[in-house]
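Novice: Take this structure, written in structure tokens, and hold onto it; I'll ask about it next.
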Amino acid sequence: MQQPKETERTCSYRNCENTFEGRSDKIFCSDQCRNHARRDQLKTEKWNAPAFYHKISEILKNNHKILKHQFEGNGDNTIITNFLLRDSGFNFEFHTRILNTSKGIYKFCYNYGWLELENGKILIVKNEKMVEI
């Protein structure tokens with residue numbers, strides 16, 4: 001194998017070991033490697049996984065707290081309006097499990113769940129078999 005010339009550099013893109021010559025500030029061997037590196041950088045910046053996961057966890061914990069408060073305050077199989085949940089800060093988009101039954105689709109946040117009934121009513125249930133946080 002030949003020794004690279006002093007003006008030759010190795011491409012900075014991961015897994016690309018091509019050598020190249022060019023301007024002193026050039027760090028990629030081709031436009032393809034430069035574009036791949038930029039896409040990887042944007043993915044990391046956009047999703048920022050640890051912060052993203054933390055935010056989802058906070059939403060789920062808040063939903064669980066609201067369901068638990070409504071369930072324990074009103075007894076078993078509580079029926080309330082969806083406006084009451086929304087006003088409490090409940091987010092219907094986030095849940096940990098979906099359970100299909102003959103009565104309908106139950107959505108759970110850990111061990112508390114809800115079933116959307118007609119006329120904007122919500123049935124809140126507790127499932128002892130689920131994990132409690």
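Novice: Here is the link list: Lys61/Lys103; Lys55/Lys107; Lys68/Lys129. Which ones come out longer than 21 Å on Cα distance? It would help to have the intermediate numbers written out before the result.
Specialist: Working: Lys61/Lys103 26 Å; Lys55/Lys107 19 Å; Lys68/Lys129 15 Å.
Over 21 Å apart, Cα to Cα: Lys61/Lys103.
Novice: What 222 nm value per residue comes from the helices of the chain, counting each DSSP H run with n ≥ 4 as -39,500 (n - 2.57) and dividing by all residues, nearest 500 deg cm²/dmol? Each step should come with its number before you reach the end.
Specialist: Details: 3 runs with 49 residues, N = 133.
The helix-only estimate for the chain comes to -12500 deg cm²/dmol at 222 nm.
Novice: Using 0.36 nm times the number of residues separating Glu93 and Thr10, minus their current alpha carbon distance, what extension gain do you get? All intermediate terms of the calculation are to be shown ahead of the outcome.
Specialist: Numbers: separation 83, 0.36 × 83 = 29.88 nm, distance 4.71 nm.
Value of the extension gain: 25.2 nm.
Novice: Something else about it: So how tilted is helix 31-47 from the main axis of the chain? Cα-based, degrees 0 to 90, rounded to 10.
Specialist: 30 degrees
Novice: Here's a follow-up. List the cysteines in the chain whose Cβ has no other cysteine Cβ under 4.7 Å from it.
Specialist: Cys33, Cys109
Novice: Can I ask one more? Using 0.36 nm times the number of residues separating Glu118 and Ile27, minus their current alpha carbon distance, what extension gain do you get? Each step should come with its number before you reach the end.
Specialist: Details: separation 91, 0.36 × 91 = 32.76 nm, distance 6.14 nm.
Contour length minus Cα-Cα distance gives 26.6 nm.
Novice: Compute the relative contact order of the chain as a whole-number percentage, counting only Cα pairs closer than 8 Å that sit 6 or more residues apart in sequence. List each step's numbers first, then the result.
Specialist: Working: 155 pairs, mean separation 22.0, N = 133.
Relative contact order of the chain: 17 percent.
Novice: A follow-up question, please. Could you check the simple spin-label distance between Lys65 and Arg34, using points 7 Å along Cα→Cβ, in nm with one decimal?
Specialist: 4.9 nm
Novice: For the stretch 59-126, go through all pairs of different Cα atoms, get the mean of 1/r, take its inverse, and jot down that Kirkwood value in Å.
Specialist: Values: mean 1/r = 0.0855 Å⁻¹.
Value: 11.7 Å, from the Cα pair sum.
Novice: Which one is right for this structure if percent of Cα pairs over 24 Å apart is calculated from it: (1) 53; (2) 40; (3) 34?
Specialist: (1)
Quick note: the coordinates plus some simple rules give every number you see, no bench work behind them. Owing to the predicted nature of the structure, the values given are computational and were not obtained by experimental measurement. All Cβ positions, even for glycine, are placed from backbone atoms using ideal geometry, and neighbour counts span all protein chains on display.
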